[in-house]
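Below is one structure; the comments refer to it alone.
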Amino acid sequence: MTARFWREGLALLSGLLLFLSFPKFGHGAVAWVALGPLLVALPGAGGGRAFRLGYLTGAASALGLLYWTALVVIQYGGLALPVGITVMVLLCLAVALFPSLFAWLVARATAAFGPPGLLVAPFAWVATELLRNRTFFNFPWCLLGYSQHANLPFVQVARVTAVYGVSFLLALVSALLANVAVEPRAAPRRRALVGLGLVLGGSWAWGSWVLSQPLPEAGTIRVGLVQGGIRQEEKWVPESAWANVERHLELTDQAAARGARLVVWPESAVPFLFDENPALADALGAVVRRHGIYLLFGNDDLEGARDGRDARVFVGAKMLTPSGELPYRYHKIRLVPFGEYVPMQPLLTLGGRVAAKLVQQVADFTPGSEPTLARVDGHEAGAFICYEAIFPELVRQFTAQGADLL
């Protein structure tokens, strides 16, 4: 690395470390230092250069964390390999704008306050994560705090701050380390090291204390989780559809025999429209009445005429009661980009030139409008679906409405 481009090298290193902070190629321990190289590069960099450094970090990490979007639009959208890769690269370049903004804000702070300005980093990082969640296409994929999913003491702050508090903690540690690296004075370096110890020790101690406390109980429900082990490409094959349902029914019998009161099937486990298939309704109704169980299952909903312009399809969940009634429906609110809808269509469909293939073949579901609750033996239950689990503000709406089972 030449002296001229050492800052760019550090920015790329941060991008690599952010990528390596997540499975399946990395480990959450890397996240504690991932932003450090970029932060070391920012003091003394002008606003424009800082923006470009952040963009390098963002683009490098996005390419590692979002490569799968190319596979989705190629395999399920039917796009040619070059077009699918182009769509993925455009997405990565858009996501890279948020680390760019982060780097610009930190560089401005260091220009004004010197090395202590690096302590703006955790505030700036969380601000850009919130922005990413609420702009473009609402895509909080791999927020930094999610890297600590297995690090239970350090994620307990999420009970107060959601995942953003964990991201703040990780960015703060990187900022303190970067401050030690760039601060020329001994006393401020010592203070930063003491602060680092207090942050890590205090967070671990508080989290460990929280984990040691008994959990309040609102009752007990024995839940059976059914996973049919059906490959995605086989799920919608018409010839296999009924066999797939029978496989789930067989596993439901086993779960009920082991004492399950509520049995949960996966998202889109039922490849028929429940409302249009009496045989399916009879089969599912029979199993809940036979065992006296509740059955929560993934099943899409159609509103309007199937071939009409006003037709709307929802990714959904339904629940049958032990008497066979269907009192509960939920429509997925946060849809998966490139799997269930195409975000930023003017950009990512290349100005509409690939829109027909990309939008129609990937999927174009309608998002739901509100969380709903099911009632199971007197307890309120909320059923968010798959990708929705990474939206803390959505999941909290279920508990705010009274759910004590998610």
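General remarks:
- Condition met for R247 (surrounded by 15 or more Cβ atoms within 10 Å (Cβ to Cβ) and touching a residue at least 40 places away in the same chain (Cβ under 8 Å)): no
- Applying the set (1) among the aliphatic types (A, V, I, L, M); (2) over 17 Å from V288 (Cα atoms); (3) at pLDDT 85 or above to A260 leaves exactly one unmet item: (2).
- Qualifying position, being surrounded by fewer than 16 Cβ atoms within 10 Å (Cβ to Cβ), under 19 Å from A41 (Cα atoms), without any contact (Cβ under 8 Å) to a residue 60 or more places away in the chain and more than 21 Å from the chain's Cα centre (by Cα), among F113, F51: F113
- Of all residues making up segment 143-176, the number that are under 13 Å from the mean Cα position of the chain (by Cα), buried (at least 20 other Cβ atoms within 10 Å of the Cβ) and in a loop (DSSP other than H, G, I, E, B): 1
- A121 farther than 30 Å from R396 by Cα, assigned by TED's automatic domain parsing to the domain that holds P37, modelled with pLDDT of 95 or more and crowded, with 20+ Cβ neighbours inside 10 Å: no
- Segment 1-38, residues that are of a type in the set (F, W, Y) and assigned to a helix (DSSP H, G or I): F5, W6, F19, W32
- Sole residue being in the same structural domain as V315 (by TED's automatic domain parsing), without any contact (Cβ under 8 Å) to a residue 12 or more places away in the chain and under 23 Å from V315 (Cβ atoms), chosen from P266, P278: P278
- Under the condition of being at pLDDT 85 or above and under 28 Å from the mean Cα position of the chain (by Cα), the residues counted in segment 265-293 number 2.
- Cβ-Cβ distances below 6 Å connect the following pairs, each with a first residue in segment 377-397 that is over 24 Å from Q156 (Cβ atoms), a second residue that is aromatic (F, W, Y), and a separation of six or more residues or different chains: A383/Y330.
- Residues of segment 294-325 satisfying the condition of being among the acidic types (D, E) and modelled with pLDDT under 90: D300, D301, E303, D307, D310
- Inspection of segment 132-139 finds a residue satisfying the criterion of being under 16 Å from the mean Cα position of the chain (by Cα), over 21 Å from G64 (Cβ atoms) and assigned to a helix (DSSP H, G or I).
The values are calculated or read from the model by the stated rules, or taken from the named source; none is laboratory data. Since the structure is predicted, the reported quantities are computational estimates derived from the model, not experimental observations. Neighbour counts are summed over all protein chains in view; Cβ atoms, including those assigned to glycine, are modelled from backbone coordinates with ideal geometry.
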